[in-house]
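Right, one structure below, let's go through it.
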Amino acid sequence: MAGFTGVDFIEFDSLLNDEEKLVRQTARQFVENEIIPIIEKHSREGTFPKHLVPQLGELGFFGANLHGYGCAGMSNVAYGLMTQELERGDSGLRSFVSVQGGLVMYPIHAYGSEEQKQKWLPALQSGQAIGCFGLTEPQFGSNPGGMLTRAVKKGAKYVLNGEKMWITSGSIADVAVVWAKCEDEKVRGFLVEKGTPGFKAWDVHGKWSLRASVTSGLAFTDCEIPEANLLPGVVGLKGPLGCLNQARYGIGWGALGAAMACYDTALQYAKTRKQFANKPIAAHQLVQEKLAWMITEITKGQLLALHVGRLKDLGKVHPSHISMLKMNNVGIALDTARKARDILGANGIVDDYCIMRHMNNLESVFTYEGTNDIHKLVIGERITGIAAYV
Ligand code: TGC
Ligand code: FAD
């Protein structure tokens, strides 16, 4: 993948401004120099390249579309192009950045007290602190409103009991944004600091997907949280769901990066691999059909991402727009990975090539942050006015 120059079939770049192209180029260079050379080894060994965290912070990639507290204040389009490049490296790296910025810094920024913002945002922005987001529970994934985790007020503290599951960066986090139901049955967010008595985190092993990312379970047993760690600015499920808009938006762009990596690899391979009459396999119509499908879907995905990004920058985006972006772009990325794997034949299954790693990663991306079908239902609700979840 050295020397990747982008995927641009219809002069997409003419729609970007200089700042957006500069951010993309910076992220692309970082991926070429720091991620591509090491990622297969981390993925094979199931380790997260934690040493990259300070560099990601220095580049301004954490909470990059937030303003103040040391954040880069990028446009949402520039932010999206950054996540696209990171995910061309690996979905696990992009996940880390999405969680840190969209699911930890964003709720502190949007719903936190000034004291919470001062304490956590500069540290999270620079990568000195790591965060995680605990919404999903063992029994409640697509339906987080059913959560069992409870926070009971006792004097100046809340006592937290419950369990969260499938939490990215859980065991390496200095602070967990944890969503729990209070005695009034309403959901509220809490900042649970590493080392708080009664708080434990452990890692999920045996993953065939996102192997270079930490995925954890969190448990809270009579865990006392100071009242000052309650996020005061939001009550109800709209709190965590509002954060998901941020992260899902970044995923919508990010998935294109994984798709581009697979497409580019398949294209290069098809032009050099020869079968039958010493012709490259790229000369066969059936192979060209797959490549043409890939670039068409990537191009449509780029236009969707750009338009949703521009709407977000104008403050006009609706959560259902973001659902369409996440659903479509992750779906086409996974299909691109599968077709690319096919083009590489047997070579497609080994980690000399990036395709199988991306394909396996995308299976998680398809499921997390709202499964593909949940996003269809969000779109269905928007156009019919009828919620079909139950
Ligand atoms: P519903 O009654 O529809 O809504 C409850 C309240 O929330 C509001 N709301 C939203 N607000 C902001 N943004 C959104 N996207 C929102 N969606 C809904 C809604 O207006 C309402 O507000 P109010 O004021 O009336 O109370 O809720 P529901 O329980 O029927 O659920 C709807 C549904 C199914 C769409 C929602 O539960 C959902 O999105 N489920 C999927 C769960 C999910 O995505 N979990 C992700 C966990 S985090 C994760 O996966 C991180 S991956 C990490 C990585 O990148 O590595
Ligand atoms: P389920 O909700 O049980 O869904 C299973 C299947 O049923 C899916 O196909 C789904 O589409 C379908 N289904 C469910 N409800 C309906 C319905 N009403 N109609 C039609 N079909 C339906 N969560 C966090 O809180 N924080 C994190 O950092 C985080 N990181 C993650 C990292 C990884 C690697 C993974 C895999 C998950 C992560 N998650 C995280 C959890 C993720 O958000 C959930 O896995 C996801 O929301 C789906 O929940 P579930 O796995 O329980 O599946």
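Working with all protein chains in place, sort 320, 14 by solvent-accessible area computed with a 1.4 Å probe, largest first. Numbers along the way, then the final one.
Values: 320 10, 14 85 Å².
If we order 320, 14 from most to least accessible, we get 14, 320.
Rounded to the nearest 500, what is the 222 nm mean residue ellipticity of the chain from helices alone, with -39500 (n - 2.57) per DSSP H run of 4+ residues and division by all residues?
Values: 12 runs with 185 residues, N = 390.
Mean residue ellipticity at 222 nm (helix-derived): -15500 deg cm²/dmol.
Please state, to two decimals, what the Cα-based radius of gyration of region 304-390 comes to when divided by 2.2 N^0.38 Å (N = residues).
Values: Rg = 16.0 Å, N = 87, 2.2 N^0.38 = 12.0 Å.
Relative to the 2.2 N^0.38 Å estimate, region 304-390 comes out at 1.33.
Suppose all protein chains stay in the model; what accessible area per residue would a 1.4 Å probe give for region 12-126, in Å²?
Accessible area per residue: 35 Å².
What residues have an amide H closer than 5 Å to that of residue 215, excluding those fewer than 5 places away on the same chain, when H is modeled at 1.01 Å from N in the peptide plane?
Close amide H contacts, sequence-distant or interchain: 169, 204.
With every protein chain kept in the model, how would you rank 205, 67 by accessible area, 1.4 Å probe, largest at the top?
Correct descending sequence by accessible area is 205, 67.
Using a Debye calculation, one point per C-alpha and no hydration shell, please list log10 I(q)/I(0) for region 160-317 at q = 0.14 Å⁻¹ in order.
Log10 I(q)/I(0), no solvent term: -0.89.
To the nearest 10 degrees, how steep is helix 36-45 against the longest Cα principal axis of the chain, on a 0 to 90 scale?
60 degrees
Between helix 76-89 and the chain, what is the angle of the helix's C-alpha long axis to the longest principal axis, kept within 0 to 90° and rounded to the nearest 10?
70 degrees
At what distance in nm do the modelled label points of residue 228 and residue 13 sit from each other, each positioned 7 Å from its Cα along Cα→Cβ?
Between residue 228 and residue 13, the simple spin-label model gives 5.1 nm.
Accessible area per residue for region 238-384 in Å², computed with a 1.4 Å probe and the full protein assembly in place, what is it? Don't skip to the answer; put the middle values down first.
Details: 6220 Å² over 147 residues.
Value returned for region 238-384: 42 Å² of accessible area per residue.
Kindly provide the Kirkwood hydrodynamic radius of the chain in Å, to one decimal, from all pairs of distinct alpha carbon atoms.
Working: mean 1/r = 0.0468 Å⁻¹.
21.4 Å is the Kirkwood radius here.
Between beta-carbons, use under 15 Å as the cut-off and find the net charge around residue 22, counting Lys and Arg +1, Asp and Glu -1.
That sum, taken over residues with Cβ under 15 Å, equals -2.
Using only alpha-carbon positions, what ratio does the radius of gyration of region 178-252 give when scaled by 2.2 N^0.38 Å? Don't skip to the answer; put the middle values down first.
Working: Rg = 14.8 Å, N = 75, 2.2 N^0.38 = 11.3 Å.
Relative to the rule-of-thumb radius for its length, region 178-252 sits at 1.31.
All other residues with a Cβ under 15 Å from the Cβ of residue 132 taken together, and with Lys, Arg as +1 and Asp, Glu as -1, what is their net charge? Can you show the working numbers first?
Values: positive: 50, 164, 194, 200; negative: 137, 163, 174, 193, 203, 369.
Value of the local net charge: -2.
Note down the magnitude of the dipole of region 43-138 about its Cα centre, charges +1 on Lys and Arg C-beta and -1 on Asp and Glu C-beta and zero elsewhere, to the nearest 20 debye.
Details: 6 positive and 8 negative charges, 14 e Å.
For region 43-138, the charge dipole is close to 60 debye.
To the nearest 10 square angstrom, how much accessible area does residue 274 have with a 1.4 angstrom probe?
Solvent-accessible area, nearest 10 Å²: 100 Å².
In the chain, what percent of the accessible surface is made up of carbon and sulfur (1.4 Å probe, ligands and nucleic acids excluded)? Write out the running numbers ahead of the final one.
Numbers: 8990 of 16380 Å².
Carbon plus sulfur share of accessible area: 55 percent.
I'd like the chymotrypsin sites (Phe, Trp or Tyr not before Pro) in region 328-390 restricted to DSSP loop residues with at most 12 other Cβ atoms within 10 Å, sorted by number. All intermediate terms of the calculation are to be shown ahead of the outcome.
Working: sites: 353, 366, 368, 389; in loops: 353, 368, 389.
Within region 328-390, the qualifying chymotrypsin sites (Phe, Trp or Tyr not before Pro) (loop, at most 12 other Cβ atoms within 10 Å) are 389.
Region 179-221: which GluC sites (Glu not before Pro) are DSSP loop and have at most 16 other beta-carbon atoms within 10 angstrom? Don't skip to the end; give the middle numbers.
Numbers: sites: 183, 185, 193; in loops: 183, 185.
Answer in residue order: 183, 185.
In the neighborhood of residue 188, defined by Cβ-to-Cβ distances under 12 Å, what is the net charge if each Lys or Arg adds +1 and each Asp or Glu adds -1?
Numbers: positive: 150, 153, 181, 186, 238; negative: 183, 184, 185, 227.
Net local charge, residue 188 excluded: +1.
Within 10 Å of each candidate Cβ there may be at most 16 other Cβ atoms; applying that plus a DSSP loop requirement, which GluC sites (Glu not before Pro) in region 1-91 survive? Walk me through the intermediate numbers first.
Working: sites: 11, 19, 20, 32, 34, 40, 45, 58, 85, 87; in loops: 11.
Listed in order of number, the matching sites are 11.
Accessible area per residue, 1.4 Å probe, Å², for region 131-229: what's the number?
On the way: 4290 Å² over 99 residues.
Computed with neighbouring chains in place, this is 43 Å² per residue.
What share of the DSSP beta bridges in the chain is antiparallel, in percent to the nearest 5? Each step should come with its number before you reach the end.
Values: 30 of 35 bridges.
Percent antiparallel among DSSP bridges in the chain is about 85.
Which angle between 0 and 90 degrees, to the nearest 10, do you get for helix 285-313 versus the longest principal axis of the chain when only C-alpha atoms count?
The two axes meet at around 40 degrees.
Give me the percent relative contact order of region 272-390, please, defined on Cα pairs under 8 angstrom at least 6 residues apart.
On the way: 89 pairs, mean separation 25.8, N = 119.
Over region 272-390, the number comes to 22 percent.
The values are calculated or read from the model by the stated rules, or taken from the named source; none is laboratory data. Note that the coordinates shown come from a computational prediction; the quantities given were computed from them, not determined experimentally. Please note: Cβ atoms are built from the backbone with ideal geometry, for glycine as well, and neighbour counts cover all protein chains shown. Areas reflect the complete protein model, heavy atoms only, side chains present, ligands, DNA and RNA absent. Shrake-Rupley method; radii C 1.70, N 1.55, O 1.52, S 1.80 Å.
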